[in-house]
Amino acid sequence: MVYLSHFSFPDIEQEYSFLMGMKRTCYDTYYPFQVLSRHQLRMLDFEPVTILYGGNGSGKTTALNVIAEKLGLKRDTAYNRSNFYEDYTRMCDFETQGKIPKDSRIITSDDVFDFILNLRSLNDGINQKREDLFEEYLEAKYSHFQMKSLDDYEQLKKSHMAKTKTQSRYVRNQLMDNVREHSNGESAFLYFTEKIQENGLYLLDEPENSLSPLRQQELLKFLEDSARFFGCQFIISTHSPFLLSIKSAKIYDMDEEPVDVKKWTKLPGIRVYYDFFRQHEREFD
């Protein structure tokens, strides 16, 4: 499915005209100006899965943030948004096929890391409450409590429960189970599967972060199925050889000047992996 068909960015001449018209010269940076134009990126044409590949500083994340800002997509965490973002996005343009679904969003590494930390914090709170309930159980079980008024009803229930149940059962009845103890990779994968729903446009910024090679392959399958069967469109920035191998993905090499479309097997970063394993081929026998 294609919701966003193309997106255009200002070229060097447009940026130059704007910056020369600036009356204030007190800024050290005019970001996001002069980032994408440096690689002569003028327009991106999208397929159901489009991938932005490139090294650090190539503008992959900048392109995703600009697109998300222009389209007004949902996001969970703040990002590097300078004073010139509105000026820049006003100079951008895009074309859609129909309406962008309302639950479309951008998902960044910061979103995933915050989700992982929130789960960890929630579990820490539950663990502390569990320790408090252990003490409460012992006090209730061995106290000689007598109900004197309706205000004591809750305490009576606790005392009765403590005397009729084991400590483990008492605690479980009053405490939610820990949010399942996930590894960082499991939590990251869970975040993607919860946020990505049917029929949506999703911008994913280096989703392989925190994911093991096996988890990256699971994410690959999830993204392929979501695009093929469930009406999703993806624009992804990544270094992952697994995600770069997504079937029928259109891949832009952001390291090229001008930016060019390539097969994943022709990307310099993939050739590094290929040459490395070829060099050590005998060690796998």
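Surface listing: K221, K247, K195 arranged by accessible area from highest to lowest gives K247, K221, K195, probe 1.4 Å.
Note on the stretch 1-68: Cα-only Rg and Dmax are 13.8, 45 Å. In the stretch 37-76, which trypsin sites (Lys or Arg not before Pro) fall in coil by DSSP and have 15 or fewer other Cβ atoms within 10 Å? The qualifying sites are R42. Count charges around M91 for me, please; just the other residues with Cβ under 13 Å from its Cβ, Lys/Arg as +1, Asp/Glu as -1. Neighbour charge sum, excluding M91 itself: -4.
Here the accessible area is traced with a 1.4 Å probe on the protein chains. For the stretch 203-285, carbon and sulfur cover 53 percent of it. Checking the cross-link pairs K102/K250; K60/K262; K102/K266; K74/K99; K74/K221; K195/K262 against a 26 Å limit on the alpha carbon distance flags K102/K266; K195/K262 as lying beyond it.
The values are calculated or read from the model by the stated rules, or taken from the named source; none is laboratory data. This is a predicted model, so every value here is computed, not measured. Every residue, glycine among them, receives a Cβ derived from its backbone with ideal geometry; neighbour counts consider all protein chains shown. Surface areas here come from the heavy atoms of the whole protein model, side chains and all, with no ligands, DNA or RNA. Shrake-Rupley method; radii C 1.70, N 1.55, O 1.52, S 1.80 Å.
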